[in-house]
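Here's the structure we're looking at; comments come further down.
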Amino acid sequence: MSISTLGIVGSGIMGSGIAECAALNGCDVVLRSRSQSTADATLAGLEKSLAKQVDKGRLEGADRDAALARVTATSDLSALAECDLVIESVVEDLAVKKHTFHELDRECKEHTILATNTSTLPVVELAMETGRPDKVCGVHFFNPAPLMSLVEIVRPLTSSDETIEAARDFAASCGKTPVVVKDQAGFVVNALLFPYLNNAVRMLEAGVASKDDIDSAMKGGCGFPMGPFALLDLVGLDTSLAILDALYNEFRDPNYAAVPLLRRMVAAEQLGRKSGHGFYDYRH
Ligand SMILES: NC(=O)c1ccc[n+]([C@@H]2O[C@H](COP(=O)([O-])OP(=O)(O)OC[C@H]3O[C@@H](n4cnc5c(N)ncnc54)[C@H](O)[C@@H]3O)[C@@H](O)[C@H]2O)c1
């Protein structure tokens, strides 16, 4: 089955990034936000992001116009009814995602594959909210979606081979490298990445070095493109905390137990780039 129309639910960092990837690669996109004002703002953000690429000479003006013409932004969930694939990318909260899957199952046509962009949560629990568990899988993009080449295709116990194949083909059609992984918290990347990020916060709390020096050390010493605190700010501290909580919940490994400072910063709404302030300040 080939995917020519993609639906996306949730227009935050990831939902808008996935929309950009898919539209640039020739897919029609219906992006659903909770309100029409957010939908309009997301579309304006997409225009700005594509304009930047044209300015940098990475994209032709005509390709930008064609990509924008493929995207519809709406607050109406029923606009997703005819999509071949819908990727849910709402907040990393199991109850919210379950509710979203329940609604998507009601609204979407029988042939629609329902996928989640969750970083850690059990995909099978979302599948079981629907009457089509064989047509549910994870399609996990990385941040920033237009730039990162990996997509983890998450296979829950209930998924059919056809669904996994269609999801893989879709990721490849977006110019990505798909990797099929088991439905286990954190899949491959986050299960390995988050103990490192969490331990960096622990190291900061212990006063081993300043955040700038820890970031410089990991860039200079390991060749990483950014240090752990810049990465936590990019991911979002709320999303990072939800990821660690889900990992800890599944494995009870102390490396996944979120460091108190991270939890306190989320309580203080210091969420990173998206709130303008996290480990670093982005307000100027
Ligand atoms: N941030 C990352 O680096 C990253 C990377 C890969 C996957 N993900 C996953 O993508 C998903 C979205 O993350 P994000 O970084 O885009 O987050 P975000 O905070 O930027 O966006 C979250 C979206 O969820 C919506 N939302 C919030 N509460 C809701 C509710 N109660 N009902 C319906 N919608 C609600 C918001 O309006 C927003 O559109 C999460 O599952 C996250 O784990 C995030």
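Which of V208, V86, V180 moves most in a GNM of the chain, Cα contacts under 10 Å?
Sorting by GNM fluctuation, first place goes to V208.
Where the accessible area of region 209-269 is counted over protein heavy atoms with a 1.4 Å probe, how much of it, in %, is carbon and sulfur?
Its accessible area is 54 percent carbon and sulfur atoms.
Taking Cα centroids, how far is region 211-253 from region 149-190 in Å?
23 Å
As I understand it, the value is the acute angle between the Cα axis of helix 94-107 and the longest principal axis of the Cα atoms of the chain; what does it come to in degrees, rounded to 10?
The two axes meet at around 10 degrees.
Express the accessible area of region 92-133 per residue in Å², computed with a 1.4 Å probe while the remaining protein chains stay in the model.
41 Å²
Return the carbon/sulfur percentage of the accessible area of region 26-184, one whole number, probe 1.4 Å, all protein chains in place.
After summing per-atom areas, the C and S share lands at 50 percent.
Given the options D238, D213, D63, which has the most mean-square fluctuation in a GNM of the chain, springs set between C-alpha atoms less than 10 angstrom apart?
Looking only at D238, D213, D63, the biggest GNM fluctuation is shown by D213.
Which lysines, if any, have their Cα less than 24 Å from the Cα of K135, not counting same-chain residues under 8 positions apart?
K97, K98, K109, K176, K182
In Å², and per residue, what accessible area does region 158-283 have when probed at 1.4 Å with the other protein chains present?
Roughly 49 Å² per residue, with all protein chains present.
Between 0 and 90 degrees, rounded to the nearest ten: what's the tilt of helix 161-173 against the longest Cα principal axis of the chain?
Roughly 70 degrees, rounded to the nearest 10.
What's the angle, to the nearest 10 degrees (0 to 90), between helix 36-55's Cα axis and the longest principal axis of the chain?
80 degrees
The values are calculated or read from the model by the stated rules, or taken from the named source; none is laboratory data. Fair warning: this is a prediction, and the values are worked out from it, not measured in the lab. Accessible surface areas use protein heavy atoms only, side chains included; no ligands, DNA or RNA. Shrake-Rupley method; radii C 1.70, N 1.55, O 1.52, S 1.80 Å.
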